1. Ranking request for peptides 136-148, 236-248, 278-290: highest mean number of other beta-carbon atoms within 10 Å first, then the rest in descending order.
2. Could you give the dipole magnitude of the chain about its Cα centre, charging the beta-carbon of Lys and Arg +1 and that of Asp and Glu -1, in debye to the nearest 20?
3. Using only the alpha-carbon atoms of the chain, report the extent along each of the three principal axes, biggest first, to the nearest angstrom.
4. Restricting attention to segment 248-277, which trypsin sites (Lys or Arg not before Pro) occupy a DSSP loop and are surrounded by at most 13 other Cβ atoms within 10 Å?
5. Based on the Kirkwood radius over alpha-carbon pairs, what value in µm²/s does the Stokes-Einstein equation return for the translational diffusion coefficient of segment 1-151 at 20 °C and 1.002 mPa s?
6. Of SER243, GLY208, LEU32, which is farthest along the charge dipole of the chain in the positive direction, counting Lys and Arg as +1 and Asp and Glu as -1 at C-beta?
7. Which value, in debye to the nearest 20, describes the size of the charge dipole of segment 180-284 about its Cα centre when Lys and Arg Cβ atoms bear +1, Asp and Glu Cβ atoms bear -1, and nothing else is charged?
8. Can you tell me the dipole magnitude for segment 1-142 around its Cα centre, using point charges on the Cβ only (Lys, Arg +1; Asp, Glu -1), in Debye to the nearest 20?
Amino acid sequence: MSDRGADKGRGAAVQTTGHAWDGDLQEFNNPLPRWWLWAFYGTVVFAVVYWFLYPAWPVGRDYTKGVLNRVTFQAGGETVTTHWNTRARLMLELQDSPAARRQRQYLEKVAAAGYDEILADPDMKGFAWSMAKGVYGDNCAPCHGSDGKGRIGLFPNLADDAWLWGGTVEDIETSIREGRQGFMPAFGEALSERQLDDVAAFVLSLSGHEVDPEAAARGARIFRGETGGCHYCHTREGTGLKSQGAADLTDRIWTVADVPGRPTLAGKKEEVKRVVRDGIRRTMPAWKDRLDPVQIKLLTVYVHELGGGR
């Protein structure tokens with residue numbers, strides 16, 4: 001009796017869909033919880049409101065712009081007002097957020113400060129480094145590399161303390177602002193193969209390589225005489241001239257001839273001969289029309305510190 005009564009009670013309390021499997025396996029038809037239904041209706045209402053407030057539906061080649069307030073920001077020195085969108089909101093936040101205002105304050109502080117003041121102030125120098133790293137990555141890294149080490153034969157190494165055009169902040173700023181023209185004439189037609197060998201021997205001897213002393217002596221006469229005339233730019237001692245961007249040949253730092261990459265003396269001589277024979281033509285563009293004065297100042301500090309701050 002009690003079992004049948006319980007079965008009857010359960011049948012009256014719970015409806016089924018009428019489906020049955022294996023004779024007695026049935027699917028109940030329980031109603032959804034009321035909270036779940038209200039949450040679902042809420043999402044529908046939210047979606048409809050969202051469609052009206054924000055850009056949402058494609059219409060031909062355009063889309064609905066929404067009725068939310070318009071966004072005004074600065075772009076290219078002009079005031080731009082457009083309908084709300086995530087890009088416009090981002091531009092506005094980059095210009096008007098508390099962080100952006102603090103950044104502008106620091107930029108104004110750096111712009112008004114001299115290089116000595118910036119380099120002596122850890123906060124300003126740290127800010128300049130962090131800001132300039134992005135500017136360097138966008139404009140300088142494609143040639144000089146993200147680490148500033150450049151590439152022998154193509155782009156100078158900025159991470160050492162050897163500077164063709166000078167390593168003071170004033171020299172570096174001039175290089176960035178005005179650009180540089182690296183030029184060395186080709187001597188392939190002016191010198192014979194033996195003379196090229198002798199000059200290469202003398203150049204290698206300047207940086208401490210063991211070469212044939214007689215060949216080096218002959219090369220010295222060509223280097224310092226009218227036949228080669230190399231001393232006009234590199235000086236008689238081979239220490240180079242900053243005003244000409246002429247390399248110091250007495251150190252072991254090579255920007256064009258890949259002497260370190262050649263394991264044998266013959267290979268090193270061939271590298272030097274190639275440069276003397278073919279000459280050098282390298283150009284660094286002027287950035288004064290592409291970067292504003294503050295960006296150039298930030299880059300100057302960055303490159304100066306990248307090279308050890310010497």
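None of the figures in this text is laboratory data; all of them are computed from the coordinates on show. For clarity, every value in this text was computed on a predicted model and none was experimentally measured. All Cβ positions, glycine included, derive from the backbone under ideal geometry; neighbour counts span all protein chains shown.
1. 236-248, 136-148, 278-290
2. Charge dipole of the chain: 740 debye, to the nearest 20.
3. 125, 56, 45 Å, listed from the longest principal axis down.
4. In loop regions of segment 248-277 (DSSP not H, G, I, E or B), the sparsely surrounded trypsin sites (Lys or Arg not before Pro) are ARG252.
5. Numbers: Rh = 23.2 Å.
The calculation lands on 92 µm²/s.
6. LEU32
7. Working: 16 positive and 15 negative charges, 70 e Å.
It works out to roughly 340 debye.
8. Dipole magnitude for segment 1-142 comes out near 400 debye.
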